[in-house]
Each structure stands twice: as C-alpha cells, then as structure tokens.
C-alpha cells in the first residue's frame, strides 16, 4: 500500500508541470449529509470560472486552473485537501464549512494564502487588523442574527418587548455562532431567547419540535445546514408551527430544503445575502457557453437556484478580487499575497454588477484593510410553494452595528491575545 | 531461503523469548525504525506529514489502545471516539491553564486523565459482557460528546465551541500551532508511537497480558485459576484508555490544531478505529499498525489514483472509498477474521519453507 502511494505521488509530481496560471482550489462536498447544499454551490463556483476561461480566456489573459477536492464536510479530509493543493499556488480557499475554516485560519495565515469565508466561518474575522488573511464579506452570522431581529422589529412596530424567540441550531461551531449576538440583542430589545440544539447530522428532531409545540415561541430562527433543514421544515409543518414566524438563515433557505415538505412549507421565510434571478444575463451565458457544450461541473440542473447563485457569486467576488490584484500589482500572474491585497481593495458597485450580467446580485460594499466583512446586509425571502420559488420580501436590511462591532472587537482581540498577534494592516 | 530460523542459535532464555526470534525480522525491525527516525524527518514534506504519516501514527496509537481492550481482553468497546475527546479536551485545558507546560507532560497527563475516565466507564464490564457491554460503552461515547458540547468550561466559553491548540514547544522546538515544521510534528508523534508500542508489546506478553487473554478466552475459567476479573478488566480499560487518550490529545494538538467534538470525535471515529482493529487483526500489535495504515492510506491512495491520475469525478471516488471499505470488512470477517496480521503470519510460515515446501 505504502509503495503504491509513493509511486503514485511520484508519478503525479512528475506529471504536473509548473504552469503560469491562476490556481483556484474548490474544496467541495458532493457526498455525505451536507451534499444537498454542497453540490449546487460547487457547481456555481466552478461554472463561473469555466465561463471566464471559455469566454475571456481567463482573467486578465491568464487562464484559471480549477482543482476540485472532496471534503465531505469533514475536517480531516479538509486538511488533506488544503495540504495537497497549497503547493500548486492556490490563490484563495473557500471551504464552505465553518469547521474546516477554523482549522485553516491559522494555517492560511502562516502560509500567506487568503481565505474567503462568505457568510460563514469565524465572524470576528471581520476585523482585518487581526485576521489579515481571512475575509468574510459580504456578511457574517452576527449580521444575519441582527438582520433577522431587525426584520422582526419592523414586523412588530419597532418593539419585541416580552416576545419569545427560539433558536434551532446545528450543534456545532456553525450553529453556536449567533447565540452571543442574539443574547445581546435580546437584552437590548427585551425578547427572551430559547436555545434548542440539534446534533449532527440532524435527521432526528422530534423532541426539539415537541418543545416548540409546547412552548409556542413567537418566532423560530434556524441555523441549519444539509439534511437538518428539510427535517426541521417538515417537523414544523407537522406540529403546525406557522411558517411566516419561522425564519431560517441564509444556509437554511434553498429549494431542496423546502420542497420535501410540499405545500406545507408555503410561506417559510429565510435570509439571503444575494438576490435570486434565474433569468439574469449571466445565467444565460453560463447555459450557452458552459452547460450546453458539456463543460458544466454538475448536471446543469441547478443553474439559477439559490445555492448555485451563491456559489457563482462567491466565484464572481473572487474573480473581481483577482482582477483588482492584477490592476494593483501590474502583473497578470499574481501570487497569494497579491491576491490578498486585491481582496482587501475589492469594491462592488451597482454598475459593476450590472456590467457582469448579474444586476443587484448582492449588496453594494467595499472592503478595506480594517473591515473584511463588507456591508453585512441581507434580505428576507419567502417561499412560494405553488410557484416553486423564493420571492424577496424586503430590500437589503442593514444590521445593527452598534451591537455587533463591540462583539467583533472583543472576540478578535481575544484571539489576537491568545495567538500573540499585534493588530495591524498587512504589509 | 533467506527467511528461516535454521542457523540462528539461542543460548539463553532471554534470547529465546525475544519479540523477533528470526534474524531477518530483527534486522528488518531495526532498519525500519532507523529509517523512520533518522531518514524520514529529513525528507518529509507538509503534505506527507499532514495527509499520511501523522494521521497514521496517531491512529496506530488509538488502534493499539483498542486492541488491548478488545483484542487482548475481549471487551468490545464503541467508546473510542469519546475517550479520544477526553484526551483532546484534557490537553486543551492543560495547555490553556498552564502555558509553561511542555507538550510531553501535557500529552502524558491527558493520557492519565483519560485512563481514569476509561476505568470509570469500564466498571459496568464487571457485570455485563458482549453486546450489553458494547451498548454501555456506546453510552459513554454519546455522553462524553454531549458533555463536551454542553459544558462551556471545557472549551473556555468560546462563542463557537471550537477548541484551538495554541503554540507550544518541546525543548524549544514548536510542535503545535500553524508554524510547526513537518518533521517536528512527525518526530513528536513517532516518539510516542515507538514508546507506546514497546509498552504494549511487553505488557501483552507478560503477566498482565496473559491475565487479559485468560479473561478473553473464558472468564469463569480464568477466575478459577486465580485471575482477579476486577483488576484484569479495569486495568485493560485504564491502559487502553491511556493509549486512546494520548492519541486523542495528539490528534487535536499536533494533527488538526482545531476540533469540534461532534464532528471530530463522533461515533464514526469509534467505528473507524474498530474497523482498523478488525481489518488489522484482533490481538496483534502488528495488526494495529497494519489496520491504521490501511484505513488512513486507502482514501488518499484512491484519491490520488482516481482523481489525479484518471480524472474521475471526486464524488464517485469518495463513494468508491465507502464501498471498498465496507466490502473489505465483510471480506475479512468471512475469509480472514484474524485480519491482515494473520495474512502476514501465514506469509511468513510459507516463506520459511520456500522454495521447498515439501
């Protein structure tokens, strides 16, 4: 076995010539309990880069080389994927897993490779002076918690006094992230928070929903992912919890989460950090240039769906950052350090999104060395079961930065103290 | 021809009882050990350390531990993941509470803490056995994972419940944290593996090990000939948990650097280590290494061959891995219940007669 391993490793090292191209690893998961979310995201991510290769010959004339690596949402495989791709000149990692993100934050810092954790991962990475190499624009979990509360405030004439909110969360780093913010917001607005944990992978939630049925909280927020979402929405329907009082975060609001519950899921609310528009010009281009010639990463049936759009949006932000880095440093073949500078100077305007063929796909934001978190805005969308689509209910809502900023400050400085980091912009 | 015992004369009892009675094995053992200690550290890369060798060494310790309990003492345990979590969280608490402590002390102390916890959860083994004991250890698995998730003291009240290993060193060499050199990671684990394998080998062929095996083969008969089941079973639980605690501690501090209890130490981990022991060979030190090597290397080799060489889709290869591991477990249970170790033993028997088997 060992010998075979040595031989293959040797053969691969010998076979892979050092090419001048932009290497983008895709740490995807197409297997396991989280595959339902992992597949469309990865398809969107890869298809956008394929489109750039096919249409423009890459970015700034430099072709993009995608390396897909299956993690199965498993941190050990994530490490293997990271180690096997970092030597290839990887420009940016997007692991789509909070667990793998926590693993990679110190490693990426040591290796000087940027990490983009779009709407997941460590929230306090927003403080770019501590986390030089980690970016979580356009929004993070604490923004999401605040946006959800702001939406509820809006629904209740500005007061949540005496209301009860239950948080159904994936019992992991991912699900625990919003608790601190929700507690702080609860103190500020006078609502009480009940925390209800669901263990990995979340296929069994009878007791959790029995508790909700008994206590009848005014609102239920959900931080779920993978198979947990479908089960929760089905259970909510079973205990007849009103869907218009049930709000998922942006990882709990895709088509495959609500369709198993059928008509009962009608009216389910969720947050979203990007808009959905399957008819946007960019999707037309992907269909004709990537899917039809058979170059798509997946079967092509996900184009325009919620998570496909988000994966594509992640790729779009990465591509924009690469272009920015090329512009700053005047070279087309950029290094990971230069990529970091490009990400720190990224600016998304309405005109640029329009130009890219995805009008209003995300909020307008600008990244700086201090703020790696973007604007933090998100919108609320509502599932229309008969139309089979999520419909936006609100415009982008701004989070309450007066609550989030001190929390980010506190958490990031604690990390800096633990790891002997002197806060400051990267050189 | 080369592999034979003829001409290798033993003139003392010590020589007669040595671990490797055949000269060829002895030389082989020393060559491997010297290569592992003095050659590999100079050529090792980040990828080889993080993807292959460090996990192999750490899982080998866990497999040794479980083999002591299940293979030698006959007590089935499904609590390996939970006990590894005890090792990891003890290491984390020790590292953060006593920043001046060196990693050797931390790792060994977490082993001792796990040994105490393991012995406590081993108490039911005095009354129940077989499937019922398996269920009791399963309870330990779920209880421990639940506890590390629920009680925030264990993860120092961090918002996410993740624990991350700060940078710590041994004799001035950094062995944990992101700035660790590959060779330091590897050598640190290797020292533990060699020492613990030596301990395991010598325990299992002495009085303690013979008592365990007597209990495994027939507990009533063992009791009649004077083996104290309480001491034998509890010592097996404690020593096995010590090994597993050390491996859990290394798993967290040296290998991953940040873990989340449900994801890293869930029931899958218990099964993975159990499969290593079954495929490698119950009641065999060599089997623990063979099983760990097999299950750590198989997915990586499959990925290298399938994805990088043939360009197959990544999900197909991941599924193929599950199919192959499942198939192999069925195959070994039916065809060779004693695992890779028995295959190795048979090969050696044949080699001794080769090329004139009659």
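The numbers here are math on the coordinates, done by the rules we state, and not lab data. These numbers come from a predicted model, not from an experiment. Glycine gets a Cβ as well: all are built from the backbone with ideal geometry, and neighbour counts include every protein chain shown.
With the cut-off at 1.5 for a/c, could you classify the range B:118-259 from its C-alpha gyration tensor as rounded, prolate or oblate?
The shape class here is oblate.
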Taking a crude spin-label model, label points 7 Å out from Cα along the C-beta direction, the residue B:218 to residue B:15 distance in nm is 3.8
Semi-axes (Å, rounded, descending) of the ellipsoid equivalent to chain A per its C-alpha gyration tensor are 34, 24, 22
Per GNM of chain B with C-alpha springs under 10 angstrom, the most fluctuating residue out of B:201, B:168, B:23 is B:23
Between residue A:277 and residue B:37, the two model label points (7 Å from Cα along the beta-carbon direction) sit apart by a distance in nm of 6.8
Mean-square fluctuation maximum in Gaussian network of chain A, Cα pairs under 10 Å, restricted to A:409, A:157, A:76, hits A:157
Averaged over residues of A:69-82, the number of beta carbons from other chains lying within 10 Å of each residue's Cβ is 5
Highest GNM mean-square fluctuation among A:303, A:134, A:239, for chain A with Cα springs under 10 Å, belongs to A:239
Taking Rh as the Kirkwood radius computed over alpha-carbon pairs of chain B and applying Stokes-Einstein at 25 °C with viscosity 0.890 mPa s, one gets a diffusion coefficient in µm² s⁻¹ of 114
Rounded to a whole number, the mean other protein chain Cβ count within 10 angstrom for residues of A:117-125 is 1
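Using only C-alpha atoms and all pairs of different ones, pull out the Kirkwood radius for the protein assembly as shown in Å with one decimal. Working shown, then result.
Values: mean 1/r = 0.0359 Å⁻¹.
About 27.9 Å, per the Kirkwood formula over Cα pairs.
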Taking Cα atoms only, helix A:401-418 is inclined relative to the longest principal axis of chain A by an angle, in degrees rounded to 10, of 50
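To two decimal places, what compactness ratio does the range A:364-415 give when its Cα radius of gyration is scaled by 2.2 N^0.38 Å?
Expressed relative to 2.2 N^0.38 Å, the Cα Rg reads 1.60.
Please give the FRET efficiency for residue A:393 paired with residue A:323, using the beta carbon to beta carbon distance and R0 = 41 Å, rounded to the nearest 0.05.
Numbers: r = 34 Å, r/R0 = 0.82.
FRET efficiency, residue A:393 to residue A:323: 0.75.
Of all DSSP beta bridges in chain A, what percent run antiparallel (nearest 5)? All intermediate terms of the calculation are to be shown ahead of the outcome.
Values: 13 of 41 bridges.
Bridges in chain A that DSSP calls antiparallel: roughly 30 percent.
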Check: C-alpha center the range B:17-92 vs C-alpha center the range A:97-149, spacing in Å is 35
Distance in Å, no decimals, from the C-alpha centre of the range A:48-62 to the one of the range B:186-223 is 60
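Explain nothing, just the number: relative contact order of the range B:39-265, from Cα pairs under 8 Å at least 6 residues apart, as a whole percent.
On the way: 362 pairs, mean separation 94.5, N = 227.
It rounds to 42 percent for the range B:39-265.
May I ask you to derive the FRET efficiency for residue B:351 and residue A:414 from their Cβ-Cβ distance with R0 = 56 Å, giving the value to the nearest 0.05?
Values: r = 60 Å, r/R0 = 1.08.
Efficiency computed from Cβ-Cβ geometry: 0.40.
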For chain A, the longest principal axis of the Cα atoms and the Cα long axis of helix A:179-189 enclose an angle in degrees, to the nearest 10, of 40
With R₀ set to 56 angstrom, the calculated FRET efficiency between the beta-carbons of residue A:337 and residue B:207, to the nearest 0.05, is 0.40
With Cα coordinates, the longest principal axis of chain A makes an angle with the long axis of helix A:227-238, in degrees rounded to 10, of 20
Distance in nm between residue B:120 and residue B:286 label points, each 7 Å along Cα→Cβ, equals 4.0
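Can you order the peptides B:172-179, B:220-227, B:256-263 by their average number of other Cβ atoms within 10 Å per residue, highest first?
Most protected by this proxy first, the peptides run B:256-263, B:172-179, B:220-227.
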Quick calc of log₁₀ I(q)/I(0), the range A:253-390, Debye, one scatterer on every Cα, no solvent, q values 0.11, 0.16 1/Å, result -0.49, -0.94
Averaged over all viewing directions, the convex hull of the alpha carbons in the range B:1-40 casts a projected area in nm² of 3.4
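Shielding by partners for B:256-267, please: the mean number of other protein chain Cβ atoms within 10 Å of each residue's Cβ.
On the way: counts 7, 8, 11, 6, 11, 2, 9, 12, 5, 0, 3, 0.
Counting Cβ atoms of other protein chains within 10 Å of each residue's Cβ and averaging gives 6.
Using Cα pairs under 8 angstrom and six or more residues apart, how large is the relative contact order of the range B:110-226, in percent?
Result for the range B:110-226 is 8 percent.
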